[in-house]
Amino acid sequence: MKLSARSQLVLPMTAKQKVRRAILLITFLTFPLTFKYFSPYIIIDGAMQGIIVGSFLYFALLFLLSLFFGRAICGWACPAAAMQEWSIGVNDKAVRGGKFNWIKYYIWVPWLGIIIAMAIMAGGFSSVDPFHLTENGISVARPEDYIIFFVVLIIIVILSFTIGRRACCHYVCWMAPFMIIGTKIKNLIKWPSLHLVPAADTCKQCMTCTKNCPMSLPVTKMVQAGNMKNDECILCGTCVDNCPNKVINFSWGKPL
């Protein structure tokens, strides 16, 4: 097993991870088409006019999916995730401890409050327009759209280059709280859902899972505790595929 200069383990890419990376690549290449469906502004603009817009529908879908799949969308189908994982090649520093994870809630709570206030002032939602402020459904079509698009890409890259692995997911993502809340609900009610299951008795504590976690989670400690629940886990399956002893597995059923 080869160690890089930064002591990060270099492991073979499994078939599952190749599929995941391929899906992330596709979502990134189509990002100019879907960009506004991730927009934190367009949902406010729609709320001001009483319109349920594309980003409203997408954020609602994220919440509903998280009730069964946790934050798997973050790990498997987010275009920003693709950029951040590619950036690991420049800065593979682990974002340890998550002591600043609260920052995204200071963004999310006021933003959600503004949306609710605007909708109330508009007399509620009275229409649905998934393509609001797009050009026939295409997000990046005008010169000003390209400017905003590239500014967002640059911010994501700068955060990754300067702070470390998936810094945007940890600190500024306004979509993550929807999925975190949904995940907490599914874990509380304990209905069948996708989750990770550890076998602590077979763990050799080689730290492979922790060293390779894109979200910098203390996976080995989670395994030893017999509890894989973590708000920042994106169910990417890196720990599942890279563990030499197959200690961690995906499971569908009632979470413990």
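The values are calculated or read from the model by the stated rules, or taken from the named source; none is laboratory data. Note that the structure is predicted; figures quoted are calculated from it, not measured. When we count neighbours, we look across all protein chains shown, and the Cβ atoms used for this are built from the backbone with ideal geometry, even at glycine.
Scanning the range 247-256 for residues that are modelled with pLDDT of 95 or more and surrounded by fewer than 21 Cβ atoms within 10 Å (Cβ to Cβ) yields a total of 4.
For the range 12-44, the set of residues classified as free of Cβ contacts under 8 Å to residues at least 40 places away in the same chain and part of a helix (DSSP H, G or I) consists of A15, K18, V19, A22, I26, L29, listed by residue number.
Scanning the range 12-67 for residues that are among the charged types (D, E, K, R) and either within 20 Å of A81 (Cα to Cα) or touching a Cys at 6+ places or on another chain (Cβ under 9 Å) (or both) turns up K16, K18, R20, R21, K36.
Is it the case that the range 212-220 has a residue that's at pLDDT 95 or above, more than 18 Å from the chain's Cα centre (by Cα) and in a helix (DSSP H, G or I)? Yes.
Scanning the range 45-61 for residues that are surrounded by fewer than 18 Cβ atoms within 10 Å (Cβ to Cβ) and either part of a helix (DSSP H, G or I) or among the β-branched types (V, I, T) (or both) turns up D45, M48, L57, A60, L61. Return yes or no: is S55 among the polar types (S, T, N, Q), farther than 21 Å from S139 by Cα, out of contact with any strand residue (DSSP E or B) (no Cβ under 8 Å at 6 or more places or on another chain) and modelled with pLDDT of 95 or more? Considered against the rule, which asks whether it is among the polar types (S, T, N, Q), farther than 21 Å from S139 by Cα, out of contact with any strand residue (DSSP E or B) (no Cβ under 8 Å at 6 or more places or on another chain) and modelled with pLDDT of 95 or more, S55 comes out as no. The sole residue among A72, A47, A60, A77 that is farther than 25 Å from T183 by Cα and either touching a residue at least 12 places away in the same chain (Cβ under 8 Å) or of a type outside the set (V, I, T) (or both) is A47.
Meeting the requirement of 2 or more residues that are touching a Phe, Trp or Tyr at 6+ places or on another chain (Cβ under 6 Å) and closer than 24 Å to C239 by Cα, the helices (runs of 4 or more DSSP H) wholly within the range 125-210 are 176-189. When the range 175-228 is filtered for residues that are surrounded by fewer than 16 Cβ atoms within 10 Å (Cβ to Cβ) and closer than 30 Å to I42 by Cα, the ones remaining, listed by number, are I181, K184, I185.
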